[in-house]
Amino acid sequence: MGVIDRLRAFGFRRPHVLVLVGTGATRERLAAERWLRTQGWPVAATPADTDILLVCGADATIADAVYAGMPLPKVRIEFPRGAATTVGRALEDARKHLIDETQARAGRRDPPQVPTRQENHAGVPEPEAERGGHGGHLADRGGHEHGGHGGEEHSGHLHSGEVAGLAMADRAADRDGLKLDVLHVPLGPVLPGWPDGLVVDVVLQGDLVQEVTAVDVSGVPAAGMPFWSAPWLAARAGERVSVAEAERRRAASHLDSLHRLLLVLGAEGDSVQCAVLRDLLLTDAEIVDVTGRFLALSRRLRKSRTIRRMTDGLGPLSASAARRAGVGGPAQRGDGDVTARMSRWLLETGEALLAVRNGGEALLDADTSEGPRGPASAEAALLTVLPGLIAGTELAAARVIVASLDPDCAGAVVPGA
Amino acid sequence: MPDVTVWWVLPVLPVVALALATFAASLDAVLGARVAGRVVALDDVVTPVREGVRLLLTQRRTTRRPDSVVWRVGIGMVPVVALLAAAVIPLGGAGTALSDLDIGVVWWTAWLALLWVALYLVGWGGNSALSLVGGYRFVAQALAYEMPLAITVITVALAGESLRVGAIVEAQQGLWYVVWLPVGFVVYLLTGAAAAFWGPFATPMGADLAGGVTVELSGVDRLVFLAGRYLVLVVVAAFAVPLFLGGGAGPLLPDWAWVLLKTSAVLWLLVWSRRRLAAVRMDRFEEFAWVVLIPVTLVQLFVVCVIVLSTGG
């Protein structure tokens, strides 16, 4: 192996991996995230920074578009099904392919600066290419219509046609009555800390979400039960499930939600801590150790004035309004803004950890105990209240609000959008 | 004292700055490994080098209809601005800055202010909504940090009774300004981190925007931008040394060693704080900047004014 080859192997010792998750592939996502974290391989946030695309139950069209947006060298793999290969082995193999590809590319003497765009297959619009297209949502966005603010100032529809196959930005009056560009942007499914498989189409004016035009769920439905509520569903089906096992799952579910919310809030250290604790719980780690670390984290988060300042007043959802809409679980019991929902997660995680310690081998009673996300219908209800909560907020706030609801779309029915 | 250019510094300065930037990135990776519950390995320590090689081996991807010139100019500006700002920072004792300009403090501030333009150009050039929003965010951020930063730097210049960095260092031989102006030091670190879009102020490239201004960057573009960003962080940390920490002053060791030690210490503080503090959004921080930070820095400026005048400066 020559010097150049060694350099190639060194450069890709820890390739960046984008985990593309479809609805219901929670188990796969958790396995991949855990492996990447323990190996120290960076998780890519955008196709532009991705070497390996790991597809976990996502739509093929979305995977195609994301793959097309990745720079060379690149490798795409499916999450390995069955017991023969672990995700770690699959990723290690993918890394070898990646290094082989750099060598082959150098051998071919391809001009390294050819943009991926031009070698793309026809018919698939490239999402990242459009202004506003990041994320891999493929619906045709021509001839869209929009309302002004509240629909009353609808005069300025200067649809300017297309330039180079791209729709131009429209114009509409903003909240101060100024006529500004509006962009039609799909949020998801490729966004860090975003609910698996969720796609929310929004109308952006600057960084203000003026309107939500559609809420969609994408992905190949996974076989079996939704991961987070599986113990409760199993108990209801007559299986013997211990309280300890179920409460472990509940705590892990909330820690996963907290992990994503904190990631979106930009609290990276605490976010990673939540993921570490979540993975410890799911690998049957000693509960005393996990509880101790969780309590320290929880105390710090509750005391953090910065976090409270950033979450107070965002996305208010009163308990009564939530009940009317059919929302259950922590989102309803939180009875308030993002801060309230986050406190609720922390509280219920603490309670669940306590129940694991005290519950022992007692059997779960599915009639009296409810899963971590509330009743099955609650997820779909979350998707119906979501547009009302994020319309009119800034993009950063909208992201935080969505993360604070963290709908698990696995059980959700797509609402008529 | 005339403005002379110290030519031997010209090749040394970028090397030292890059070494410190690598140190900061490496430290960040090591701290990240510890937070993630891993035993720190050699692979964590060499992260900046490995990432550099990786990005050089990666294709430079483009978007459809980008504003290429604007995009590339913006990306290139980040490291260039950082290195130009560093020209007035002494690497050791007197006469070790590339040029100890008589308006050195203004020079540093003026170059860093250009980051405002650079980030907006990068955000705009990629022709992508998330990247554009990242650009917007930095402009809003600049409204919050520029004023307190400028007032703090002016306060230090007033205390040192000169805009020349060398003179400010000399004026501190009795007492370092970090002791005399502790509030100024804290405000400097806070607003300096904001200028380097670092830590709690990293929202222009935040995870919620999938990387914000960097969302479409790959290959050498990404490398230049990210390296430039670490260089800005180094320049912010390094300028704190002549302003607040007495420059190269210290016992036993030579001046240059003290400068290096102090710069590394400030860098360590900035890098360490990244994982300890949650990001601040400008829709909520702007108020704090204008209602708290600016009045506090103005009061400090006033106090320093009175002291300088009453001691007959």
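Solvent exposure of the range B:190-235, expressed per residue, is 13 Å² of accessible area, with all protein chains present and a 1.4 angstrom probe.
Work out, step by step, the length gained on full extension between A:ARG105 and A:GLU92: first 0.36 nm times the residue separation, then minus their alpha carbon distance; give nm to one decimal. Working shown, then result.
Working: separation 13, 0.36 × 13 = 4.68 nm, distance 2.00 nm.
Once the chain is fully extended between A:ARG105 and A:GLU92, it gains 2.7 nm.
Of all DSSP-defined beta bridges confined to the protein assembly as shown, some 70% are antiparallel rather than parallel. Accessible area per residue was computed with a 1.4 Å probe on protein heavy atoms; B:VAL179 scores about 90 Å².
Summarise the accessible area of the range A:230-376 (1.4 Å probe, protein heavy atoms) by the percent that is carbon and sulfur. Display every interim value, and only then the final one.
Working: 3030 of 6130 Å².
For the range A:230-376, the apolar C and S fraction of the accessible surface comes to 49 percent.
With springs only between Cα atoms under 10 Å, which of B:THR297, B:THR203, B:THR62 fluctuates most in a Gaussian network model of chain B? Looking only at B:THR297, B:THR203, B:THR62, the biggest GNM fluctuation is shown by B:THR62.
At a probe of 1.4 Å, how much accessible area disappears from chains B and A on forming the pair, both sides counted, to the nearest 100 Å²? Let's see the in-between values first.
Details: alone 14470 and 19580 Å², together 28770 Å².
So the buried area, both faces added, is about 5300 Å².
Among B:GLY76, B:GLY135, B:GLY126, which one shows the biggest mean-square fluctuation in a GNM of chain B, springs joining Cα atoms closer than 10 Å? Most flexible of the set in this elastic network: B:GLY76.
Within the assembled protein chains, the solvent-accessible surface assigned to A:ASP365 is about 70 Å², based on a 1.4 Å probe. Annotation: the protein assembly as shown has a Kirkwood hydrodynamic radius of 27.1 angstrom, from the mean reciprocal C-alpha pair distance.
The residues of the range A:224-324 expose on average 42 square angstrom of accessible surface per residue, using a 1.4 Å probe on protein heavy atoms.
Which of rounded, prolate or oblate describes the range A:292-417 when judged by the alpha-carbon gyration tensor and an a/c cut-off of 1.5?
Taking the square roots of the gyration eigenvalues as a ≥ b ≥ c, the range A:292-417 is oblate.
Computed from backbone phi, the HN-Hα couplings of the range B:83-94 come to 5, 5, 4, 6, 4, 9, 8, x, 8, x, x, 4 Hz, rounded to whole numbers (Karplus: 6.51 cos²θ - 1.76 cosθ + 1.60, θ = phi - 60°; Gly and Pro given as x). Comparing B:PRO66, B:PRO90, B:PRO242, which has the greatest mean-square fluctuation in the GNM of chain B with Cα pairs linked when under 10 Å apart? In this elastic network of chain B, the residue with the biggest mean-square fluctuation among B:PRO66, B:PRO90, B:PRO242 is B:PRO66. When the other protein chains are added to the chain by itself, burial of at least 40 square angstrom of heavy-atom accessible area (probe 1.4 Å, ligands and nucleic acids ignored) affects these residues of the range A:294-322: A:THR306, A:ARG309, A:MET310. Backbone geometry of the range B:64-69 corresponds, through the Karplus equation with coefficients 6.51, -1.76 and 1.60 at θ = phi - 60°, to 3J(HN,Hα) couplings of 7, 6, x, 8, 4, 4 Hz, x marking Gly and Pro.
Could you look at the range B:171-313 and say what percent of its accessible area is carbon and sulfur, using a 1.4 Å probe and all protein chains? All intermediate terms of the calculation are to be shown ahead of the outcome.
Details: 4070 of 5300 Å².
Carbon plus sulfur share of accessible area: 77 percent.
Give me the percent of the accessible area of the range B:1-144 that comes from carbon and sulfur atoms, probe 1.4 Å, all protein chains in place. Can you show the working numbers first?
On the way: 4290 of 5670 Å².
Within the range B:1-144, the accessible surface is 76 percent carbon and sulfur.
Could you compute how fast chain B diffuses translationally, taking Rh as the Kirkwood radius over C-alpha pairs and applying Stokes-Einstein at 25 °C with viscosity 0.890 mPa s? Give it in µm² per second.
Working: Rh = 20.1 Å.
Rounded to a whole number, D works out at 122 µm²/s.
The values are calculated or read from the model by the stated rules, or taken from the named source; none is laboratory data. As the structure is a computational prediction, the values presented were derived from the model and not from experiment. Areas reflect the complete protein model, heavy atoms only, side chains present, ligands, DNA and RNA absent. Shrake-Rupley method; radii C 1.70, N 1.55, O 1.52, S 1.80 Å.
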